[in-house]
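A.B. asks: Sharing a structure below in structure tokens format, with a few things to ask.
The values are calculated or read from the model by the stated rules, or taken from the named source; none is laboratory data. Remember, predicted model here, so these are calculated numbers, not experimental data. Glycine also receives a Cβ, built like all others from the backbone with ideal geometry; neighbour counts cover every protein chain displayed. For the accessible areas, the whole protein counts, side chains as well, though only heavy atoms, and no ligand, DNA or RNA atoms are used. Shrake-Rupley method; radii C 1.70, N 1.55, O 1.52, S 1.80 Å.
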Amino acid sequence: MEVIHLDDLEGVGQKGSTVNVKPGYARNYLLPRRLAIPTGSKAANLYQELTRQQEVQADKLVAAARAEAAKVHGLQVNIAAQANEEDTLFGSITNADVADALKAAGHEVERRRIEVPEHIKQLGNYDVTVRYFGGVTATVKVWVVRA
């Protein structure tokens, strides 16, 4: 029996591939768990339509991510922190601090999307990456200044 895989199955096939399997395996395991659909049926046409719709939806999400990244890219924010005479901070600047500074600048960004390259424990200028859907990234300059 030929089936189209709806998910990756180790040792059987990849998502979207058409594989010939034994009828009992398809009837008792793959089909009830919705891991595959039979080929040559209306379900196969439905699968192709669903994948096309998912691609269109993913393209929309990537376009929205690019638009959001364009707003944030190149933005400079200041974060005030207490430091000693050698410009070493009492504590460190985290992605939550950067998210708060971006929010104060009028850009709502989830802290989980912000990647601080290393622990910011000195006063100075740092480049911070903001990751969006589909591999879209933006770079924000963070100035850590004495409070």
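A.B. asks: Looking at this structure, is residue 93 touching a residue at least 60 places away in the same chain (Cβ under 8 Å), of a type in the set (A, V, I, L, M, F, W, C) and under 21 Å from residue 124 (Cβ atoms)?
C.D. replies: The answer is no for residue 93.
A.B. asks: Is it the case that some residue within the range 84-95 is closer than 30 Å to residue 59 by Cβ, among the β-branched types (Val, Ile, Thr) and either at pLDDT below 95 or surrounded by 14 or more Cβ atoms within 10 Å (Cβ to Cβ) (or both)?
C.D. replies: There is no residue in the range 84-95 that is closer than 30 Å to residue 59 by Cβ, among the β-branched types (Val, Ile, Thr) and either at pLDDT below 95 or surrounded by 14 or more Cβ atoms within 10 Å (Cβ to Cβ) (or both).
A.B. asks: Separate question: What number of residues within the range 16-35 are within 11 Å of residue 1 (Cα to Cα) and surrounded by 12 or more Cβ atoms within 10 Å (Cβ to Cβ)?
C.D. replies: The qualifying residues number 6.
Residue by residue, here is whether (1) more than 30 Å from residue 4 (Cβ to Cβ); (2) open to solvent by 40 Å² or more (accessible area, probe 1.4 Å); (3) among the small types (Gly, Ala, Ser); (4) part of a helix (DSSP H, G or I) holds:
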{"position": "37", "(1), (2), (3), (4)": "no, no, no, no"}
{"position": "57", "(1), (2), (3), (4)": "no, yes, no, yes"}
{"position": "66", "(1), (2), (3), (4)": "yes, yes, no, yes"}
{"position": "80", "(1), (2), (3), (4)": "yes, yes, yes, no"}
{"position": "106", "(1), (2), (3), (4)": "yes, yes, yes, no"}
{"position": "121", "(1), (2), (3), (4)": "yes, yes, no, no"}
{"position": "128", "(1), (2), (3), (4)": "yes, no, no, no"}
{"position": "138", "(1), (2), (3), (4)": "yes, no, yes, no"}
{"position": "144", "(1), (2), (3), (4)": "yes, no, no, no"}
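A.B. asks: Every residue in the range 45-90 that is in contact (Cβ under 8 Å) with a residue 12 or more places away in the chain, within 30 Å of residue 126 (Cα to Cα) and of a type in the set (Gly, Ala, Ser), please.
C.D. replies: 64, 65, 69, 70, 74, 80, 81, 83
A.B. asks: Only one of these conditions is not met by residue 74: (1) assigned to a helix (DSSP H, G or I); (2) loosely packed, with under 12 Cβ neighbours inside 10 Å; (3) within 22 Å of the chain's Cα centre (by Cα). Which number is it?
C.D. replies: Failed condition: (1).
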